[in-house]
Amino acid sequence: MRKLLFALALTGLGLFGAGQALAQSSSTLKPEELDQLVAPIALYPDTLLSQVLIASTYPLEVVEAERWVQQNKSLKGDALKKAVDPKKWDDSIKSLTAVPDVLAMLSDKLDWTQKLGDAVLAQQPDVMDAIQRLRQKAQANDKLKTNKQQKVTTSQQSGKDYIVIEPATPQTVYVPYYDPA
């Protein structure tokens, strides 16, 4: 079965182990709190969602990158990638420079970003469950479906259904705008 991209990305970065250590040292969020925390991003395509989740664990780099993007608004495409490559930011931060609205949201709502990053580190499986709960709720209310911007599919892993959101065109990722409520 196909694994969710963000779960793989987090596993590859070793965030599971870091999360376990952090979880022991801090209080965990309840499912309702996690749902509220991830609501603004739960319907993002998985590739973008994984970058946001990882980037949230680097809040200072988010702010630095967002300020840099504001100073370099004219850079796009390959020129942007070339200018960002030498930066010492995490790759998730570098990738978000191509999506300045998302990077700006993370920077502008820094308290939320830090709380999200803490939850990702301390409660990664719970964060993923919250995202799936919200996706299932949106799908049940006919608010999440395949369209010209995205492809929504369901896959099964370990007896659980997972809703996967992919860009309809792999080269273009649309940032959905929706009411998180």
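The values are calculated or read from the model by the stated rules, or taken from the named source; none is laboratory data. Worth saying up front: this structure is predicted, and the values here are computed from it rather than measured. Neighbour counts are summed over all protein chains in view; Cβ atoms, including those assigned to glycine, are modelled from backbone coordinates with ideal geometry. Please note that ligands, DNA and RNA were not included when accessible areas were found on the heavy atoms of the full protein model with its side chains. Shrake-Rupley method; radii C 1.70, N 1.55, O 1.52, S 1.80 Å.
Just to be sure before I move on: is residue 140 of a type in the set (A, V, I, L, M), closer than 20 Å to residue 172 by Cα and open to solvent by 40 Å² or more (accessible area, probe 1.4 Å) in the structure I sent?
Judged against the criteria, residue 140 is not a match.
Count, please, the residues in segment 78-120 that happen to be within 13 Å of the chain's Cα centre (by Cα) and open to solvent by less than 40 Å² (accessible area, probe 1.4 Å).
13
Look at residue 98 and say whether it is outside any helix (DSSP H, G or I) and within 24 Å of residue 38 (Cβ to Cβ).
Here the answer is yes, as residue 98 does meet what is asked.
Please verify whether residue 43 is modelled with pLDDT of 95 or more and either touching a helix residue (DSSP H, G or I) at 6+ places or on another chain (Cβ under 9 Å) or surrounded by fewer than 18 Cβ atoms within 10 Å (Cβ to Cβ) (or both), treating the condition exactly as stated.
It is true that residue 43 is modelled with pLDDT of 95 or more and either touching a helix residue (DSSP H, G or I) at 6+ places or on another chain (Cβ under 9 Å) or surrounded by fewer than 18 Cβ atoms within 10 Å (Cβ to Cβ) (or both).
Find the residue count for segment 110-167, including only residues that are of a type in the set (Gly, Ala, Ser) and touching a Gly at 6+ places or on another chain (Cβ under 6 Å).
Residues that pass the stated criteria total 1.
Are any of the residues in segment 18-34 modelled with pLDDT of 50 or more, open to solvent by less than 30 Å² (accessible area, probe 1.4 Å) and out of contact with any Ser or Thr (no Cβ under 7 Å at 6 or more places or on another chain)?
Yes.
Cβ-Cβ under 7 Å, sequence separation 6+ or interchain: first residue in segment 101-126 and outside any helix (DSSP H, G or I), partner open to solvent by 20 Å² or more (accessible area, probe 1.4 Å) and among the aliphatic types (A, V, I, L, M). Which pairs?
123/23; 123/29
Which count do you get for residues in segment 147-181 that are in a loop (DSSP other than H, G, I, E, B), free of Cβ contacts under 8 Å to residues at least 60 places away in the same chain and open to solvent by less than 80 Å² (accessible area, probe 1.4 Å)?
6
So which residues in segment 46-58 are buried (at least 21 other Cβ atoms within 10 Å of the Cβ) and over 15 Å from residue 127 (Cα atoms), if there are any at all?
Result: 48, single match.
Considering segment 64-80 alone, what residues qualify as being within 21 Å of residue 53 (Cα to Cα) and at pLDDT below 95?
If the condition is that a residue be within 21 Å of residue 53 (Cα to Cα) and at pLDDT below 95, then no residue fits.
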